[in-house]
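Down below is the structure, laid out as structure tokens.
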Amino acid sequence: MRKFDITVEDAKRGKQRTDIVVRDVLIVGYGGRDVEKTKEHIRELEAIGVAPPPTIPTVYQVDVANVTTGSAIVVTGKETSGEAEYVLYHNGDEWLVGVGSDHTDRALERESILRSKEVCPKPLAQQFWRLEDVRSHWDQLVLRSWVIDDRGRRKYQEHDLTALLPVDVLLDKLQLFGYVVQPHVLIFSGTVPTLEGFVYGHRFAYELYDPVLQRSIRGEYEIEVKGGTAQ
């Protein structure tokens, strides 16, 4: 169990600081709504030697200690990269929506997807929206990310949420798979395809953009390789 200081932005009442307690963390893999888009992500992984999943979506449970709101993470492998994902959190009263990065060790992913996720911190932006404020225009929300490496800063991912399972469908599938979706659970929802394949940069930025209410949630972090530097 861990406590985090966040800001919740209510579309009518504005922003309010609060603490949240996270007891469980679920990472959803292959959470695409469009079968072809999901297969595209699977092909990305197969290209680096990762076996296709037994089920779609797939769910991995990681330690709460992996979640971080810090501005830097430390990894042990040189082939790691971020994934922008919308994040769900239940505070006991309602669902909140945020954004995070399912940072993953791509080399280790060839051997064990679960282990590749367990060894990397999971950056989380400290701002959330109420799900009810965005439910009516959910599909218009946009996930974006940028990677910074020796070639500079460039866009890495960009797609609206039509790429991913709708919230209610995702929650139903989690319960179908035997996961208890209860208060204080944090869910990383699955990601959208990259624009150029995996890039192992030294910095990663991610965003959830709401074009209807004209607002964004953003996060950014440095990637430090233990005993070396990312390229």
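Restricting attention to region 9-29 and to residues that are in contact with a Ser or Thr (Cβ under 7 Å, 6 or more places away or on another chain) and under 22 Å from PRO121 (Cβ atoms), the residue that is modelled with the highest pLDDT turns out to be VAL28. Among the residues of region 33-60 satisfying the criterion of being part of a helix (DSSP H, G or I) and surrounded by 15 or more Cβ atoms within 10 Å (Cβ to Cβ), which is modelled with the highest pLDDT? It comes out as ILE42.
State all residues of region 109-130 that are in contact with a helix residue (DSSP H, G or I) (Cβ under 9 Å, 6 or more places away or on another chain) and either crowded, with 22+ Cβ neighbours inside 10 Å or under 24 Å from GLU220 (Cβ atoms) (or both); if no residue qualifies, say none.
Across region 109-130, the qualifying residues are GLU109, SER116, LYS117, GLU118, VAL119, CYS120, PRO121, LYS122.
The requirement of being within 27 Å of ARG130 (Cα to Cα), touching a strand residue (DSSP E or B) at 6+ places or on another chain (Cβ under 6 Å), in contact (Cβ under 8 Å) with a residue 24 or more places away in the chain and among the polar types (S, T, N, Q) is fulfilled nowhere in region 80-90; no residue meets it.
Let's see how each residue does on (1) closer than 19 Å to THR38 by Cβ; (2) touching a residue at least 24 places away in the same chain (Cβ under 8 Å):
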site: TRP138; (1), (2): yes, yes
site: VAL142; (1), (2): yes, yes
site: ASP150; (1), (2): no, yes
site: TYR156; (1), (2): yes, yes
site: VAL180; (1), (2): no, no
site: PHE188; (1), (2): yes, yes
site: PRO193; (1), (2): yes, yes
site: ARG203; (1), (2): no, yes
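Output the residues belonging to region 169-181 that are at pLDDT 85 or above and outside any helix (DSSP H, G or I). Across region 169-181, the qualifying residues are PHE177, GLY178, TYR179. Taking the criterion of being over 14 Å from the mean Cα position of the chain (by Cα) and in a loop (DSSP other than H, G, I, E, B), the residues of region 61-82 that qualify are ASP63, GLY70, SER71, THR76, GLY77, LYS78, GLU79.
Within region 67-99, the set of residues being under 17 Å from GLU109 (Cβ atoms) and surrounded by fewer than 18 Cβ atoms within 10 Å (Cβ to Cβ) comprises THR76, LYS78. Among the residues of region 184-196, at least one is surrounded by 19 or more Cβ atoms within 10 Å (Cβ to Cβ), outside any strand (DSSP E or B) and not small (Gly, Ala, Ser).
The values are calculated or read from the model by the stated rules, or taken from the named source; none is laboratory data. Small disclaimer: the values here were computed from a predicted structure and weren't measured. Positions of Cβ are generated from backbone atoms using ideal geometry, with glycine treated the same way; all protein chains shown enter the neighbour counts.
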